[in-house]
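The values are calculated or read from the model by the stated rules, or taken from the named source; none is laboratory data. Keep in mind the model is a prediction, meaning the values are calculated, not measured. Because the Cβ atoms are built from the backbone with ideal geometry, glycine has one as well, and the counts that use them run over all protein chains shown.
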């Protein structure tokens with residue numbers, strides 16, 4: 001099954017309260033999108049996550065957005081995006097606020113999307129985990145996150 005292969009090896013996200021049918025729908029739409037489309041999706045997801053959490057921006061977060069835009073325009077190489085992703089994951093390891101840790105993890109996956117398209121799906125998983133952390137056992141909010149992700153993916 002192709003859907004399972006897309007997220008094969010994504011074992012870093014455990015014990016996720018989710019809605020499997022909506023996750024499958026997101027993956028199905030993802031499969032029809034180009035790498036550029038998925039990169040645009042990931043930036044829309046990043047904006048949503050930043051708004052949802054109210055996390056203040058910093059230079060590394062700004063660089064995530066900048067390098068992703070530059071890659072989409074053909075003026076940055078995926079190696080630059082990977083370096084920003086590494087920096088975001090380093091910030092996640094240093095962060096003490098568990099919500100902000102998940103924001104950094106989500107953004108790290110988003111920054112890595114120019115390198116490998118599948119990172120956008122992992123970012124989507126982290127965004128659901130973020131909702132789980134902020135609003136434990138609130139499946140309504142999980143549904144809203146997945147439906148929003150589907151709408152964003154369809155829009156690109």
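Among the numbered criteria (1) assigned to a helix (DSSP H, G or I); (2) buried (at least 19 other Cβ atoms within 10 Å of the Cβ); (3) at pLDDT below 95, which one does residue 114 miss?
Evaluating residue 114 over (1) assigned to a helix (DSSP H, G or I); (2) buried (at least 19 other Cβ atoms within 10 Å of the Cβ); (3) at pLDDT below 95 leaves (1) as the failure.
Please verify whether residue 106 is buried (at least 18 other Cβ atoms within 10 Å of the Cβ), closer than 22 Å to residue 136 by Cα and modelled with pLDDT of 95 or more, treating the condition exactly as stated. Step through it out loud before you land on a result.
On the way: buried (at least 18 other Cβ atoms within 10 Å of the Cβ): yes; closer than 22 Å to residue 136 by Cα: yes; modelled with pLDDT of 95 or more: yes.
Yes, satisfied.
Those residues that are part of a loop (DSSP other than H, G, I, E, B) and either at positive phi or touching a helix residue (DSSP H, G or I) at 6+ places or on another chain (Cβ under 9 Å) (or both), I need them from the range 33-54; list them, please. Before you say what the answer is, go through the steps one by one.
Step one: of the range 33-54, the residues part of a loop (DSSP other than H, G, I, E, B) are 33-34, 54.
Answer for the range 33-54, where residues must be part of a loop (DSSP other than H, G, I, E, B) and either at positive phi or touching a helix residue (DSSP H, G or I) at 6+ places or on another chain (Cβ under 9 Å) (or both): 33, 54.
Taking the range 135-156, which residues are closer than 13 Å to residue 49 by Cβ and either touching a helix residue (DSSP H, G or I) at 6+ places or on another chain (Cβ under 6 Å) or crowded, with 21+ Cβ neighbours inside 10 Å (or both)?
145, 149, 152
Just one of the numbered conditions (1) crowded, with 16+ Cβ neighbours inside 10 Å; (2) more than 20 Å from residue 22 (Cα to Cα); (3) free of Cβ contacts under 8 Å to residues at least 24 places away in the same chain is not true of residue 54; which one?
(1) is the only condition that residue 54 fails.
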